[in-house]
1. For the range 77-89, just list the computed ³J(HN,Hα) in residue order, Karplus coefficients 6.51, -1.76 and 1.60, θ = phi - 60°, integers in Hz, with x standing in for Gly and Pro.
2. Using Cβ counts within 10 Å as a stand-in for footprinting exposure, how do F215, F116, F142 rank, fewest first?
3. Express in nm, to one decimal, how much length is gained between A91 and T210 on full extension, taking 0.36 nm for each residue of separation and deducting their alpha carbon distance.
4. Taking the Cα centre of the range 54-232 as the origin, how large is its charge dipole in debye, to the nearest 20, when only Lys and Arg (+1) and Asp and Glu (-1) carry charge on their Cβ atoms?
5. Projecting each Cα onto the charge dipole of the range 54-232 (Lys/Arg +1, Asp/Glu -1 at the beta carbon, about the Cα centre), which of G214, A230, G127 comes out farthest on the positive side?
6. Tally Lys/Arg at +1 and Asp/Glu at -1 over every other residue whose Cβ is under 12 Å from the Cβ of E171; what's the total?
7. Taking 0.36 nm per residue of sequence separation and subtracting the Cα-Cα distance, how much length would be gained by fully extending the chain between A163 and T81, in nm to one decimal?
8. Could you state the orientation-averaged shadow area of the convex hull built on the Cα atoms of the range 54-232, in nm² to one decimal?
Amino acid sequence: MRILFAALHNGYYRNIESVVDALAARGHDIFLAAERPDSALGGQSIVERLGAKYRNVAYGEGSVWVTNDVKSTVLRIDPATLTQRVIALPAGSAPKGIAVGGGSVWVADSVGTKVFRIDPRTNRLVGSGTPVIAGHPEEVAFGQGYVWVTDESADSVLRIDPATGEGVSVEQVGNGPSAVAAGDEGVWVANGLAGMAAQIDPRTAKVVRTVHTGFRPGGIAVGGGAVWVAIDSG
């Protein structure tokens with residue numbers, strides 16, 4: 001079924017977001033019609049497709065990649081032309097985190113207990129995915145020659161060898177690993193429930209250092225010779 005919501009401004013969408021999510025989960029196509037006084041759009045009436053829950057975005061292999069956990073898809077966007085291609089994942093999957101590296105696109109299925117691998121040359125899945133023991137992979141990063149996936153429910157991080165597809169669990173990484181980053185500065189994990197960040201040795205897959213941040217670290221990045229952590233103090 002196609003359902004249309006009409007509003008003065010598309011910003012009102014936040015007031016009906018939960019309703020839209022519920023309808024979209026049942027397979028309905030949701031649209032919003034609005035008058036948007038936006039100079040970029042010339043103040044013209046617009047119609048936007050709703051119900052698609054875009055979770056994370058990554059860039060690599062010449063494209064932008066976006067996960068959609070409602071439609072069980074990954075959206076591939078050409079940044080030059082903005083043309084799009086939808087890549088379907090197995091039915092019932094809920095893709096969340098995504099990263100590009102090692103010639104592949106890596107997607108965490110937070111419901112289906114696996115990490116999927118997409119070949120950007122064919123836009124197809126490679127194999128059936130790497131299983132995650134606890135079954136709740138969320139965020140993904142690529143660096144130091146490996147794929148790194150957070151598993152908040154098990155307080156662990158999964159290290160995947162892109163050459164073999166085999167995964168090794170990094171135990172005792174911290175309480176509630178919510179984000180992961182990998183680069184020249186190493187592999188770092190933000191632990192939202194522990195108020196600290198942990199550094200992982202990529203060769204041994206063991207925690208070698210922890211840094212107390214306080215509050216709830218939610219996002220983490222590495223670059224410029226430093227580790228950057230976003231803190232939720234609320």
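Taken together, the values in this text are just the output of simple stated rules run on the coordinates, not laboratory data. Remember, it's a predicted structure, so these values are computed and weren't measured experimentally. No Cβ is skipped: glycine too gets one built from the backbone with ideal geometry, and neighbour counts run over all protein chains shown.
1. 10, 7, x, 7, 10, 6, 6, 10, 9, 9, 10, 7, 9
2. The fewest-first ordering by Cβ neighbours comes to F215, F142, F116.
3. Extra length from A91 to T210 when fully extended: 39.0 nm.
4. Computed charge dipole of the range 54-232: roughly 360 debye.
5. G127
6. 0
7. Result: 26.3 nm gained on full extension.
8. Working: hull surface 39.1 nm².
Result: 9.8 nm².
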